[in-house]
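Chemist: Submitted below is the structure of interest, expressed as structure tokens.
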Amino acid sequence: MSDLTAMERLLLPLVRRFVALWVRPSILPDNFTEALHKERPVFYALEKRSVIDLAVLEYVCSERSLPMPLAPLGSGAFLPESVLFMARRAGFLGQRIDRRMPDALRTINGLATADPAFDADIVPVSLFWGRAPDRERSWLRLWVAEGWDIGGRFRKLLSLVVNGRNLLVLIGEPLPVQPGADETRGAPRSPRRLWRQLRTQFRNQRTATIGPDLSHRRTIVAQVLRTQLVRENVRGEMQSRSLSRRDALKAAKGYAYEIAANYSHTFVVFMSGVLGRLWNRLYDGVELANFSSLGSVEDGAEVVYAPCHRSHMDYLLLSYVVYHKGFAVPHIAAGINLNLPVIGSFLRRGGAFFMRRSFSGNALYSAVFTKYLGLMMARGHSIEYFIEGGRSRTGRLLKPKTGMLAMTVRSYIREPTRPIVFVPVYFGYERLVEGRTYIGELSGRPKEKESVFMLLRTIPELRRRFGKVYVSFGEPLPLDPVILKHNPAWDREPSGSDDRPAWLSPVVTELASTIMTRINAAACVTPVNLIGLVLLATPRQRMGEADLARMLELYASLLRRAPYSDKVWVTDMDGESMIGYGVSLGILKRQPHELGDILYMSEETSVLTSYFRNNALHLLLLPSLIACAFLNNPKVARADLLRLAGRVYPYVADEYFLRWSEAEVPGVVDRMLEDLFNHGLLAASEDRSEWRRPPAESPEAVQLSVLARATVPIIERYYIAVSLLLKAGSGRLTQDALERQCQLTAQRMSMLYELNSPEFFDRALFGNFLDLLRARRVLGESADGRLTFEPVMLEAIVNDAQLVLHEQIRNSILQVVHR
């Protein structure tokens, strides 16, 4: 019994020889043999009947010592060959596709139903020609790359020749025959259950690998316009603007076309080759970390990528990485400002859909966008959006904009087709194409609008060397448990309405906070990050070569021996290698001296490097905060350290999205103290109730001081804000006025006493600090919008600042404040 014709059996030996000589497939997963039951017979299911696919399957089985597809399984006359095809060509010229259930599947199920002792595994195997990860592509390959259609015999032959070394073989989860037979024994539709399960696995594999079967853009737009929500808003548009139905529908259709992507798998394959060459020219390499996090997401789940936003390169980089690792390219939510002539069309074909910065006052646009997003999710296409809203100009994560998160959750509760899993993604650069632009914007220069001219103007910048770029995947965050936490009665039944339940806001807030925290918990620590952390904590951004090497190794050791999280990646370079790397990138300059060379950064480089310092500062923030307490004090009681950490932690945790709760802080502080003790940076009394800094003349005392100064600018900003409040008095300043005064004071401090770095006087940082003071009820608001407070609460913060900030720094701040 076989689905192969006599001609196909005749051609099979010849095809086998060519496959063995030419084809070199990539096989996923690597450990698929562990899932097979050694004592059960194995039946392989192929998506479509093809002699070439069968020959490749035989080659894979031979290489991995698996049962061969056409080998006899026993002496029983009724036992079929161990391969079955889900789709077959029919008709005189093979022009019709036969997708009916294979007879072999009925036979297998019948044997299991008749004999409970008989059991077997059916293993679905998918082949994707022109879709192997980490393989170089030629331009010809895109014409024969895998899609959703069943190509003809000539196309398959051409694909064998062109993509024989560019082939991905996905082996699915084995389906045991017997459990299915036990559940449905005696029912006439018993084999159909196995058939549906196989089809589901094949569809999930294909969706995850090349994306879902997206119909023409016009069809998707038509589906959006037919939804009840859009129709209701069309009627509302007719009434509010006195439009005819035709004009209102035309407006909705225009919005849909403005939003919708025009995804082309052929274009994606083409751009994969282009981007591969671009990355090789721009970067010394693209490094991946924690990719297994993405692989752990259950098949069939709707993946929503939530990366941090550092650069316009982020859009391309994540799609490139995901595609080259065998996953479908996500649909990316892009700002309408990127819908430029020509560029916008290219981005749409790569999966971008566009959104306006604000939906307010336009209910019809909001409805069209919401239903488009829901439709893409229901069809199983992964989504990508930046919940920070825009690119970070300082290197810190921005406060999340929760609009897209809220729409995602609302779309899901209206129609929970597939479970949603958010995948946080961290980007780490060693140089940014937009670096100088960011510094200008922070200094007060207006943000330049994106345009084709601006894009052309950046081309000369691409000739510079940009080091490596790092992409790290954080711990996935399923949506269902978060909803159940806030609404235990939720049963995943479609709500069918556009209502906003009371628990929606806390769910979205928790999602946003957790995603940002998990992005930071997956940080990659590069030599550039460490160089910035060390030299930017020195008065003139310079240090002797030997001292710098020791400090770099100290920071790397602190991060390895007391890791912030198990997903943080730290460079394995030693201090000398990091210095050499920094010199090669032009970040460090060398000044020869008889007593030892001095390494330094120019003022411009220092300002640019503050961005990369801020990428990793959160990882050393608590050790640095502890070290601050010893700047002015030779010894500090553990109780005082815990009080200081407890006072400051809520504010730094909010600013840097730290992973510990306030209740966990005492235990974390104790662990950090032990780590500093193990590195010789602190000494302790026998009962650990009192801690001491090393002798002032020791190298360890210098290292502790440099570590402490990494956090001092943060405490200075808090001290500036509190000092201005106390000077003005309660009920005298609005928050807007206070933010402006804080910015000007910090700017003057930076010009007089510090490195003139715009990120120190970033107004948004002061705004976030004041928002948190209000949320914690340290500040209130009067009826006319002015800030009120009890002086005793702010004075307690000032008193704790005296433990950390040197008297000279405090006097300098107060001198500027009282001007």
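The values are calculated or read from the model by the stated rules, or taken from the named source; none is laboratory data. Because the structure is predicted, anything quoted here is derived from the model rather than measured. Cβ coordinates were reconstructed from backbone atoms using ideal geometry, including for glycine residues, and neighbour counts include every protein chain displayed. Ligands, DNA and RNA are stripped out before the accessible areas are found, and what is left, the full protein with its side chains, is counted by its heavy atoms. Shrake-Rupley method; radii C 1.70, N 1.55, O 1.52, S 1.80 Å.
Chemist: Being loosely packed, with under 14 Cβ neighbours inside 10 Å, at pLDDT below 85 and outside any loop (DSSP other than H, G, I, E, B) is the filter here, so list the residues in the stretch 1-26 that pass it.
Modeler: Once the filter is applied, which keeps residues that are loosely packed, with under 14 Cβ neighbours inside 10 Å, at pLDDT below 85 and outside any loop (DSSP other than H, G, I, E, B), the stretch 1-26 yields Ala6, Met7, Arg9, Leu10.
Chemist: Sticking with this one: Residue under question is Pro191, and the condition is that it be at pLDDT below 80, outside any helix (DSSP H, G or I) and of a type outside the set (Ser, Thr, Tyr); does it hold?
Modeler: no
Chemist: Of the residues that make up the stretch 155-167, is at least one part of a strand (DSSP E or B) and modelled with pLDDT of 80 or more?
Modeler: yes
Chemist: Next question. Name the single residue, out of those in the stretch 285-299 being assigned to a strand (DSSP E or B) and open to solvent by 40 Å² or more (accessible area, probe 1.4 Å), that is nearest to Arg418 (Cα to Cα).
Modeler: Step by step, filter the stretch 285-299, then rank; the result is Leu288.
Chemist: Right, another one. Anything in the stretch 403-416 that is in a loop (DSSP other than H, G, I, E, B) and crowded, with 19+ Cβ neighbours inside 10 Å? List them, or say none. Can you show your working first?
Modeler: First, pick out the residues of the stretch 403-416 that are in a loop (DSSP other than H, G, I, E, B): 415-416.
Passing the criteria: only Pro416.
Chemist: Looking for whichever is closer than 30 Å to Leu548 by Cα, touching a strand residue (DSSP E or B) at 6+ places or on another chain (Cβ under 7 Å) and surrounded by 15 or more Cβ atoms within 10 Å (Cβ to Cβ) here; the options are Leu682, Leu707. Which one fits?
Modeler: Just a single option satisfies the conditions, and that option is Leu682.
Chemist: Here is a follow-up. Only one residue in Leu243, Leu278 is under 31 Å from the mean Cα position of the chain (by Cα) and among the aliphatic types (A, V, I, L, M). Which one?
Modeler: Leu278
Chemist: Let me ask something else about it. Specify the residue that is surrounded by the most Cβ atoms within 10 Å (Cβ to Cβ); the eligible residues are those in the stretch 340-365 that are in contact (Cβ under 8 Å) with a residue 24 or more places away in the chain and among the hydroxyl-bearing types (Ser, Thr, Tyr).
Modeler: It comes out as Tyr365.
Chemist: Name the single residue, out of those in the stretch 780-793 being small (Gly, Ala, Ser) and either open to solvent by 30 Å² or more (accessible area, probe 1.4 Å) or in contact (Cβ under 8 Å) with a residue 12 or more places away in the chain (or both), that is farthest from Gln735 (Cα to Cα).
Modeler: Ranking the candidates gives Ala783 first.
Chemist: In addition: Regarding Arg777, is this residue loosely packed, with under 12 Cβ neighbours inside 10 Å and at pLDDT 80 or above? Explain how you work it out, then say what you get.
Modeler: On the way: loosely packed, with under 12 Cβ neighbours inside 10 Å: yes; at pLDDT 80 or above: yes.
In short, yes.
Chemist: Name, by its number, the condition in (1) farther than 27 Å from Gly390 by Cα; (2) open to solvent by 20 Å² or more (accessible area, probe 1.4 Å) that does not hold for Asp762.
Modeler: (1)
Results for (1) within 30 Å of Ser392 (Cβ to Cβ); (2) without any contact (Cβ under 8 Å) to a residue 12 or more places away in the chain; (3) touching a helix residue (DSSP H, G or I) at 6+ places or on another chain (Cβ under 9 Å), shown as yes or no for each residue.
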| site | (1), (2), (3) |
| --- | --- |
| Arg717 | yes, no, yes |
| Gly731 | no, no, no |
| Gln741 | yes, no, yes |
| Pro758 | yes, no, yes |
| Gly767 | yes, no, yes |
| Glu795 | no, no, yes |
| Leu805 | yes, no, yes |
| Ile813 | yes, no, yes |
| Val817 | yes, no, yes |
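Chemist: While we're on this one: When the residues of the stretch 553-606 are filtered to those that are open to solvent by less than 80 Å² (accessible area, probe 1.4 Å) and of a type in the set (Asp, Glu), which remaining residue is modelled with the lowest pLDDT?
Modeler: Among them, the one singled out is Asp597.
Chemist: Then there's this: Which residue out of Leu725, Leu752 is of a type outside the set (Lys, Arg), touching a residue at least 60 places away in the same chain (Cβ under 8 Å), more than 30 Å from Leu676 (Cα to Cα) and surrounded by fewer than 16 Cβ atoms within 10 Å (Cβ to Cβ)?
Modeler: Going through Leu725, Leu752 in turn, the sole match is Leu752.
Chemist: Just one of Val224, Val234 is modelled with pLDDT of 90 or more, open to solvent by less than 30 Å² (accessible area, probe 1.4 Å) and within 30 Å of Ser319 (Cα to Cα); which is it?
Modeler: Residue meeting the stated conditions: Val224.
Chemist: Scan Pro419, Pro424, Pro400 and give me the residue that is within 19 Å of Ala301 (Cα to Cα), open to solvent by 30 Å² or more (accessible area, probe 1.4 Å) and in contact (Cβ under 8 Å) with a residue 24 or more places away in the chain. Let's see the steps before the verdict.
Modeler: Values: Pro424 fails: open to solvent by 30 Å² or more (accessible area, probe 1.4 Å); Pro400 fails: within 19 Å of Ala301 (Cα to Cα).
None of the other options fit; the residue is Pro419.
Chemist: What number goes with the only condition from (1) surrounded by 15 or more Cβ atoms within 10 Å (Cβ to Cβ); (2) within 26 Å of Ile387 (Cβ to Cβ) that Arg492 does not pass?
Modeler: (1)
Chemist: Test Gly180 against the stated conditions and say whether it is part of a loop (DSSP other than H, G, I, E, B), modelled with pLDDT under 80 and open to solvent by less than 70 Å² (accessible area, probe 1.4 Å).
Modeler: No; evaluated as a whole, the condition is false for this residue.
Chemist: Can you tell me which residues in the stretch 539-558 are touching a residue at least 40 places away in the same chain (Cβ under 8 Å), within 27 Å of Glu674 (Cβ to Cβ) and either in contact with a Ser or Thr (Cβ under 9 Å, 6 or more places away or on another chain) or hydroxyl-bearing (Ser, Thr, Tyr) (or both)?
Modeler: Hits for the stretch 539-558 are Tyr555, Ser557.
Chemist: Looking only at helices (runs of 4 or more DSSP H) that lie completely in the stretch 589-702, which have at least 1 residues being out of contact with any Leu (no Cβ under 9 Å at 6 or more places or on another chain) and touching a residue at least 40 places away in the same chain (Cβ under 8 Å)?
Modeler: Here the list reads 603-616, 638-656, 665-678.
Chemist: Across the stretch 651-662, what is the total count of residues that are surrounded by fewer than 20 Cβ atoms within 10 Å (Cβ to Cβ) and either of a type in the set (Asp, Glu) or in contact with an Asp or Glu (Cβ under 6 Å, 6 or more places away or on another chain) (or both)?
Modeler: 2
Chemist: Can you tell me which residues in the stretch 490-543 are under 27 Å from Gln228 (Cα atoms) and among the polar types (S, T, N, Q)?
Modeler: Within the stretch 490-543, Ser495, Ser497, Ser505 qualify.
Chemist: Identify, by number, the condition in (1) touching a His at 6+ places or on another chain (Cβ under 7 Å); (2) buried (at least 23 other Cβ atoms within 10 Å of the Cβ) that Ile332 doesn't meet.
Modeler: For Ile332, the exception is condition (1).
Chemist: On the basis of being within 26 Å of Leu533 (Cα to Cα), open to solvent by 10 Å² or more (accessible area, probe 1.4 Å), touching a helix residue (DSSP H, G or I) at 6+ places or on another chain (Cβ under 7 Å) and at pLDDT 90 or above, does Pro713 make the cut?
Modeler: The answer is no for Pro713.
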